[in-house]
Each structure stands twice: as structure tokens, then as C-alpha cells.
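Working notes, structure below.
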Ligand SMILES: C[S@@+](CC[C@H](N)C(=O)[O-])C[C@H]1O[C@@H](n2cnc3c(N)ncnc32)[C@H](O)[C@@H]1O
């Protein structure tokens, strides 16, 4: 593989993952590139497929640059904070359901640690669900198995809550009652969040990111946090000032941020049009909201339009393209390309002629072609 091809592939890997170029390990990338060259037949074919966002090529590049280092109860002070602050608050509020998201979960140690902590500390009648997401499919497969060696249970993470059922030949199997609470799914942090949560862990991920990509992720994480919710970062993750909508927990070294509980006052309509994600999940019709956003765009109120568009469910394809177009118009190329890639991925699951319902019913290929045209243009093709 030539150096020029390797440089181009590093560029693709950076744009798919959000990593800064310096964080991309060249030996791992070279190994993946050589493997891909064998699979695809030539270097040019690898580059062409990368340009077309071929799933296998993207995945191989992401897997090559991903650092999956993790262990149980890493940064135990975060789990102690949940015990000392979050649990008493939820108990006082008589919460019947608690949701958590381990974003960038690698092989699942963090996800199971969260589930074990919540299961141990919350009353039995509280419903707990913990979602673990990662970019790399191989990590998710290991996470679902829930079978870990001694290295995952190293002493720097004390076993604060029960996790394992039994240990055979040095390997331990996660308790079935914990496995029932967790779910693992692929997700790229550059895409909109998969819901709204009381706890969001995104630790030791952003440390590898370019500042512009980290800013996008920060926006998404903020939106994924329910009122009173808490967002946890690793000690090296947050280099910029944290978003003003969030309050930093003291001491600042904890790198925990909370969304204040106070209700947000709607700026225009007395009845808020912007609805938080839990209501969207109960089947809210996105089309009237989308139409309303279009009206705001026409009237030049971009801010309000953006607010409404961001409240649409992320599996609503016309909304996704609309948001991407807003970024195109604002000249925010990284954000635009990220959402265009999300559009492309959604259309992967649809037939070209399949009608997609929006303010106007259009075939799936309209969305696919729009995204491809933008992405090709963005790459100067
Ligand atoms: C160092 S591990 C951290 C695991 C765990 N959060 C912890 O702190 O122990 C970083 C993980 O982030 C994942 N990752 C990197 N970029 C990502 C992205 N853009 N979207 C989702 N996950 C990503 C990697 O695949 C890797 O598994």
C-alpha cells in the first residue's frame, strides 16, 4: 500500500470516527489497508469503496483505529457519585424507571458495571435499562457474550457491586439478571443520540477526537440527557469549556455534568412544539413538526427551525436530510457530511422506489441520491 493511499485512508478513518489525524495509529491502519487490498483486489478499489462508504471498508478502518481499552468499575468515583447523589435523588422523586447509556462501550465492561451498580442500589420495583453502544461490531459481539478474563477485572477498578455468576478456567460469566437489563447496539457518536437517558457515560472516547468532531458529539450527548440527568467523561476527555446548558459537578476533576431540572420556557408558542425524546418514542407524528420547521425556515427563523428539527426522531429520514441541509446552508461541512452519511445508512435498509412519507412523499432513492451527491461534492468528485 502506497503512502499516498494510506494518507487518504487515514482521512476517511478520521471522518468516519471523528478521530484527529494524530490519534490514528499508522501501523494498525497499514495492516488494515493491506488486508483490504487483498480482499478488494487493488489499492484503487479500496479507495473507491471507501469513497462510496462501503460498509465493510468503513468497518475495517474503524476497527483498525479504535482503542478498546476498558475494565470493570473504571474510575470508581463515578459509581460512588451515583450511589451518594443520584440514587437518593431518584428515591426522593419516587422514580419508577431509570435509563443509562454507555456510549463508546468497547467490550461492555462499563455497561455491565453501570447495570450492576443500579441493580444493587435501586429498589426492586424500579425498571432499569442500560444501553451500550460502540462503533465496532466485534466489540459488541464480545459485550453480548458477557464472558471476561482477569484483565477486565483488574485491581484499579474495585468490584463495587456484584457482576459475575461464576468463574471457570479464569474466565467469569456475567450474572443473567444483569444481562437482562442491558442491550448492545451499533452507534456512531457523530450521529444523533439513540434516546434520552438519566445517566450517560462517554468516557475515554473524546480524548481521541478532533475538536470539531468532539463539539458535535458534545451536542448529541447533551440532547441525550433527561432533566436532572448526569453526563460522565473520562479525566482526559473534555478539553474545551463545557456547554453552558449543563452544570459542572464539584470537584471539577470528576468530569461530571448535570442537566438542571428546571423547565425550559418555550420562546414562541405557549404550548411547546419542541418535545423531549421520551414523548417521541411513544409514536409522535413527526410530519406536522417537520412542516412547522419548514415554515420557520421560510420566515428566516433558523434557530427555531433547528430546535424543532433536532427534536424529530432520528429514524425519521426526511428530518435527517432536512437537518443535514441546514448544516450545508450554514457552511458547517463536518456536521453536514456526518448527517448525510446517516441518511445514506438509513437508505441502505430501503428499496430504491420505496415511498418515504414526509411533508411530501418521495422515493427512498431521492434521499440516497441527495446524500451521495453532497458527499461526492464534498470530496471534490
Ligand atoms: C478506550 S474505549 C473506552 C471504553 C469505556 N468507555 C471505558 O471508559 O472504559 C473507546 C471506545 O470508543 C469507541 N469509539 C471510537 N469512536 C467512536 C465513535 N465515533 N462512535 C462510537 N464509538 C466510538 C471505540 O470503538 C472504543 O471501543
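How many residues does region 40-59 contain that are within 15 Å of the ligand (Cβ to nearest atom) and surrounded by 20 or more Cβ atoms within 10 Å (Cβ to Cβ)?
1
Just for region 16-28: of the residues that are surrounded by fewer than 20 Cβ atoms within 10 Å (Cβ to Cβ) and assigned to a helix (DSSP H, G or I), which one is nearest to the ligand (Cβ to nearest atom)?
In this case the residue turns out to be 23.
Just to check your reading of the model, which residue among 217, 200, 182 is in contact (Cβ under 8 Å) with a residue 24 or more places away in the chain, within 9 Å of the ligand (Cβ to nearest atom) and surrounded by 18 or more Cβ atoms within 10 Å (Cβ to Cβ)?
None of the other options fit; the residue is 217.
Any chance region 131-147 includes a residue that's touching a residue at least 12 places away in the same chain (Cβ under 8 Å), within 30 Å of residue 323 (Cα to Cα) and in a loop (DSSP other than H, G, I, E, B)?
So far as region 131-147 goes, yes, one or more of its residues are touching a residue at least 12 places away in the same chain (Cβ under 8 Å), within 30 Å of residue 323 (Cα to Cα) and in a loop (DSSP other than H, G, I, E, B).
Select from region 67-82 the residues that are at pLDDT 90 or above and either out of contact with any helix residue (DSSP H, G or I) (no Cβ under 6 Å at 6 or more places or on another chain) or closer than 30 Å to residue 349 by Cα (or both) and write down the one among them that is surrounded by the most Cβ atoms within 10 Å (Cβ to Cβ).
Here the answer is 78.
If residue 229 satisfies every condition in (1) within 8 Å of the ligand (Cβ to nearest atom); (2) farther than 17 Å from residue 327 by Cβ but one, which is the exception?
(1)
Where residues in region 128-147 are within 14 Å of the ligand (Cβ to nearest atom) and in contact with a helix residue (DSSP H, G or I) (Cβ under 7 Å, 6 or more places away or on another chain), which of them is farthest from residue 64 (Cα to Cα)?
Once the filter is applied, the top-ranked residue is 130.
For region 338-374, how many residues meet the condition of being exposed (fewer than 13 other Cβ atoms within 10 Å of the Cβ) and part of a strand (DSSP E or B)?
Matching residues across region 338-374 total 1.
Per-residue answers, yes or no, for (1) farther than 27 Å from residue 194 by Cβ; (2) surrounded by fewer than 19 Cβ atoms within 10 Å (Cβ to Cβ); (3) touching a strand residue (DSSP E or B) at 6+ places or on another chain (Cβ under 7 Å):
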{"residue": "130", "(1), (2), (3)": "no, no, yes"}
{"residue": "137", "(1), (2), (3)": "no, yes, yes"}
{"residue": "140", "(1), (2), (3)": "no, no, yes"}
{"residue": "145", "(1), (2), (3)": "no, yes, no"}
{"residue": "149", "(1), (2), (3)": "yes, yes, yes"}
{"residue": "164", "(1), (2), (3)": "yes, no, yes"}
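Would you mind stating whether residue 212 is within 17 Å of residue 22 (Cβ to Cβ), in contact with a helix residue (DSSP H, G or I) (Cβ under 8 Å, 6 or more places away or on another chain) and at pLDDT below 95?
Yes; evaluated as a whole, the condition is true for this residue.
Which number in (1) at pLDDT below 95; (2) within 11 Å of the ligand (Cβ to nearest atom) marks the one condition that residue 107 misses?
All conditions are met except number (1).
The values are calculated or read from the model by the stated rules, or taken from the named source; none is laboratory data. What you see is a predicted model; the values in this text were computed from it and never measured. Here Cβ is always computed from backbone atoms with ideal geometry, including for glycine, and neighbour counts include all displayed protein chains.
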